[in-house]
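Peer 1: First, the structure itself, so that you have it in front of you.
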Amino acid sequence: MEERCFAPSPDLRVGIEVESLTFPADPASRVTADELELLRAEAGPLPGGGSITFEPGGQVEISSLPHRTIAGACDAVSADMSVIRDAASSHGIALRQLGADPLRSDHRVLDAPRYVSMESYFDHGGMAGRKMMCGTAAVHVNVGVGSSAASVGRRWRLAHLLGPLLAGAFANSPVVEGRPSGWRSSRLAAWMSIDGSRTAPACRGDDHAGDWWRYVLDAGLMLIRSEDRFVPLAPGFSFGRWMSDGHALGFPDRDDLEYHLSTLFPPVRPKGWLELRMIDSLPEPWWRVPAAVGAALLDDEEASEAAFAAAGPSAGMWADAARHGLRHPVLAESAKRCFLAAQAALARVGADRSTTDVVGEYFDRWVARGRVPADDLLESWTKTGSVLDLSPQEAAWT
């Protein structure tokens, strides 16, 4: 498991994934699976080399290749997003980057066996699973796991320390089904409401490999693949139990372990790199900011030292981050200190001038004032009764 998920690499790269909600001409309806495939075909090979995938509710995800610098990753994603935005527009589909659908109830449009089984599994715990699957969108920041054995555990701990303040600083989903939900990040609230054996933080101490292996074994088994069938299971049957006791469909093999890993969604997921999954989707140009800040704080030695000290007081404050954003004074102070450390490090980790400028603008507009984008959306809802603007958007930001 350590070799599979935590093998050190001297080449620390950064990748970005941006998910978008999709709205057809009638924003109360949803795109169809056929429309999504037409969109993929029209977009063709993306200029930045990224890939297009779709989530169960019709969300579009653009995933970059790993890049040596933040500038390279941001430029590639920007180019790819421009193409997919134009392709969507040609089919009357608007893409919007919000952490949660502010208008529609949750409805799955993709019928892949994986998604059918996931829905069945999560339905045992209520409707939050459907919300997560069909009505949320995120920015995922991917960073190297570490350049040496000693640095891997340190980066694992720091990524978890940073998680709550990053979730709070980028909260962008305060409205669900047309009304304020009571959360700055309704997306994170949905994640916290579903099966904690696969969504709670995995870090327990200094033993990163042991932490993760225990997490993997204890997590509920979502489904068993048998020949051409996906057999959904109810919560309570762990992968570790499947290994020790077996099932009527047999015992797991290596492929089953690999598939099980793909059904685990902790806020920091080790995949041979660290995937930071706690950040709400953000529109142009703001999606660049968590990528730049996260990479700077983890990759730059001086910024990392500052981040350990700054993030300590807000460690574990996931629920407060989702509920309050930076209205919570501890989270606000941690975020300010970490942003300042990241800004000082950006040039050293390969951020270009435009990315550095947008990080500074984000800090001034929100973080320095103890605010987050969700606060602006709530003010919009108070004034207009809506947070969904479907007017044409600019294709890029420079």
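The values are calculated or read from the model by the stated rules, or taken from the named source; none is laboratory data. Only a predicted model underlies this, so the values are computations on that prediction, with no experimental measurement involved. Neighbour counts run over all protein chains shown; Cβ positions are idealised from the backbone, glycine included. SASA here: full protein model, heavy atoms, side chains in, ligands and nucleic acids out. Shrake-Rupley method; radii C 1.70, N 1.55, O 1.52, S 1.80 Å.
Peer 1: With +1 on each Lys and Arg Cβ and -1 on each Asp and Glu Cβ, and nothing else charged, work out how big the dipole of region 275-380 is about its Cα centre, in Debye to the nearest 20.
Peer 2: That gives region 275-380 a dipole magnitude of about 260 debye.
Peer 1: Evaluate the charge dipole of region 1-109 about its Cα centre and quote only its size in Debye, nearest 20, assuming +1 on the Cβ of each Lys and Arg and -1 on the Cβ of each Asp and Glu.
Peer 2: 140 debye
Peer 1: Further question: Can you compute the charge dipole magnitude of the chain about its Cα centre, using +1 on each Lys and Arg Cβ and -1 on each Asp and Glu Cβ, nothing else charged? Give it in debye, rounded to the nearest 20.
Peer 2: Dipole size: approximately 900 debye.
Peer 1: Now, a different point. Taking θ = phi - 60°, what integer Hz values does the Karplus form 6.51 cos²θ - 1.76 cosθ + 1.60 yield along region 365-379, in sequence order, with x for Gly and Pro?
Peer 2: Residue by residue, region 365-379 yields 6, 10, 4, 4, 9, x, 10, 9, x, 4, 5, 5, 5, 5, 5 Hz.
Peer 1: Okay, helix-only estimate at 222 nm for the chain: each DSSP H run of n ≥ 4 adds -39500 (n - 2.57), divide by all residues, round to 500 deg cm²/dmol; what do you get?
Peer 2: Result for the chain, helices only: -14000 deg cm²/dmol.
Peer 1: Would region 312-398 count as rounded, prolate or oblate if I go by the C-alpha gyration tensor, calling it rounded below 1.5 in a/c and otherwise prolate when a/b exceeds b/c, oblate otherwise?
Peer 2: Since a/c reaches 1.5 but b/c is at least a/b, the shape of region 312-398 is classed as oblate.
Peer 1: With θ set to phi - 60° and the Karplus curve 6.51 cos²θ - 1.76 cosθ + 1.60, what are the ³J(HN,Hα) couplings of region 134-149 in order, to the nearest whole Hz, using x for Gly and Pro?
Peer 2: So the J values, rounded to whole Hz, are 10, x, 10, 8, 9, 10, 9, 10, 10, 10, x, 6, x, 8, 8, 4.
Peer 1: What residue among Ala149, Ala171, Gly48 has its Cα farthest toward the positive end of the dipole of the chain, where the charges are +1 on Lys, Arg and -1 on Asp, Glu, each on the Cβ?
Peer 2: Positive-most Cα among the choices belongs to Ala171.
Peer 1: Binning at 10 Å from 0, report for region 1-133 what percent of all alpha-carbon pair distances ends up in each bin.
Peer 2: Final binned percentages: 12, 35, 32, 19, 3.
Peer 1: Considering only protein heavy atoms, what is the solvent-accessible area of Thr382 at a probe of 1.4 Å, reported in Å² to the nearest 10?
Peer 2: In the full protein context, Thr382 sits at about 110 Å².
Peer 1: A further question on this structure: So, R0 is 45 Å and r is the distance between the beta-carbons of Lys383 and Glu305; what FRET efficiency does that work out to, to 0.05?
Peer 2: Taking R0 as 45 Å, the efficiency between Lys383 and Glu305 is 0.55.
Peer 1: Can you list the HN-Hα couplings for region 227-244, worked out from phi with the Karplus curve (6.51, -1.76, 1.60; θ = phi - 60°), rounded to whole Hz and with x for Gly and Pro?
Peer 2: Running phi through 6.51 cos²θ - 1.76 cosθ + 1.60 with θ = phi - 60° gives 6, 9, 10, 10, 9, x, 10, 8, x, x, 10, 7, 5, x, 5, 4, 5, 7 Hz.
Peer 1: How many nm is it between the label spots at Asp218 and His91, if each spot is 7 Å from the Cα in line with the beta carbon?
Peer 2: Going from the Asp218 label point to the His91 one covers 4.2 nm.
Peer 1: Right, another one. Give, in nm to one decimal, the length gained when the segment between Arg4 and Ala41 is fully stretched (0.36 nm per residue of separation minus the Cα-Cα distance).
Peer 2: Working it through step by step, the gained length comes to 10.0 nm.
Peer 1: For region 213-347, treating each Cα as an identical point scatterer without solvent, what Debye log10 I(q)/I(0) comes out at q = 0.13, 0.20 1/Å?
Peer 2: -0.74, -1.12
Peer 1: Of Ala200, Gly246, Met222, which is farthest along the charge dipole of region 177-247 in the positive direction, counting Lys and Arg as +1 and Asp and Glu as -1 at C-beta?
Peer 2: The one lying farthest along the dipole's positive direction is Ala200.
Peer 1: How do 176-182, 227-233 rank on mean C-beta neighbours within 10 Å, highest first?
Peer 2: 176-182, 227-233
Peer 1: Between Asp253 and Ala344, take the C-beta separation as r, use R0 = 45 Å, and let me know the FRET efficiency to the nearest 0.05.
Peer 2: Computed FRET efficiency for Asp253 and Ala344: 0.40.
Peer 1: To continue, here is another question. Taking amide H positions as placed 1.01 Å from N in the peptide plane, with prolines and chain starts having none, which residues 5 or more places from Arg225, or on another chain, fall under 5 Å of its amide H?
Peer 2: Distant-sequence amide H within range of Arg225: Val231.
Peer 1: Say R0 is 22 Å: what FRET efficiency, to the nearest 0.05, do Ser105 and Phe265 get from their beta-carbon distance?
Peer 2: It comes out at approximately 0.50.
Peer 1: Find the eigenvalues of the gyration tensor of the Cα atoms of the chain, then list the square roots of 5 times those eigenvalues as equivalent ellipsoid semi-axes, largest first, in whole angstrom.
Peer 2: Over the Cα atoms of the chain, the ellipsoid semi-axes are 29, 27, 21 Å.
Peer 1: For the chain, what is the accessible area per residue in Å², given a 1.4 Å probe and the full set of protein chains?
Peer 2: Normalised by residue count, the accessible surface of the chain is 39 Å².
Peer 1: So between Asp357 and His124, what do we pick up on full extension, going 0.36 nm a residue minus the alpha carbon distance?
Peer 2: Extra length available between Asp357 and His124 comes to 79.3 nm.
Peer 1: Percent of accessible area on the chain owned by carbon and sulfur, 1.4 Å probe?
Peer 2: Of all accessible area on the chain, carbon and sulfur atoms account for 52 percent.
Peer 1: Rounded to the nearest 10 Å², what accessible area does Trp242 show when all protein chains are kept and the probe is 1.4 Å?
Peer 2: For Trp242, solvent-accessible area is about 10 Å².
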